[in-house]
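Trainee: Attaching a single structure in structure tokens format; questions to follow.
A short reminder: the numbers here are calculations on the coordinates, not readings from a lab. The shown structure was predicted, so the numbers you read here are calculated from the model rather than taken from an experiment. As a convention, Cβ positions derive from the backbone with ideal geometry for all residues, glycine included, and neighbour counts pool all protein chains shown.
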Amino acid sequence: MAGRARNIVFGSLGVAALMAVAAILDIVVGMPFGGQMVWDIMLILAAGLVIYMGIDCLKGIR
């Protein structure tokens, strides 16, 4: 059961990191989301929160 939970947390960390990279890319280049700065900042904050909670969850799984 802990192995499945760990895989789910790693999956959410991967998706959050991908969204953060996409938002940063959008700030720099203006693609893929159309260069809307407010949404990019919100995506980066949300991704950071998910990454923080994922790391905290991984500490609890051990």
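Trainee: What FRET efficiency comes out for the pair M42/A2, r = Cβ-Cβ distance, R0 = 22 Å, nearest 0.05?
Mentor: 0.10
Trainee: If you wrap a convex hull around the C-alpha atoms of the chain and split its volume per residue, what is the figure in Å³?
Mentor: It is 60 Å³ per residue.
Trainee: Could you work out how far helix 2-29 tilts from the main Cα principal axis of the chain, as a 0 to 90 degree angle to the nearest 10?
Mentor: Around 10 degrees separate the two axes.
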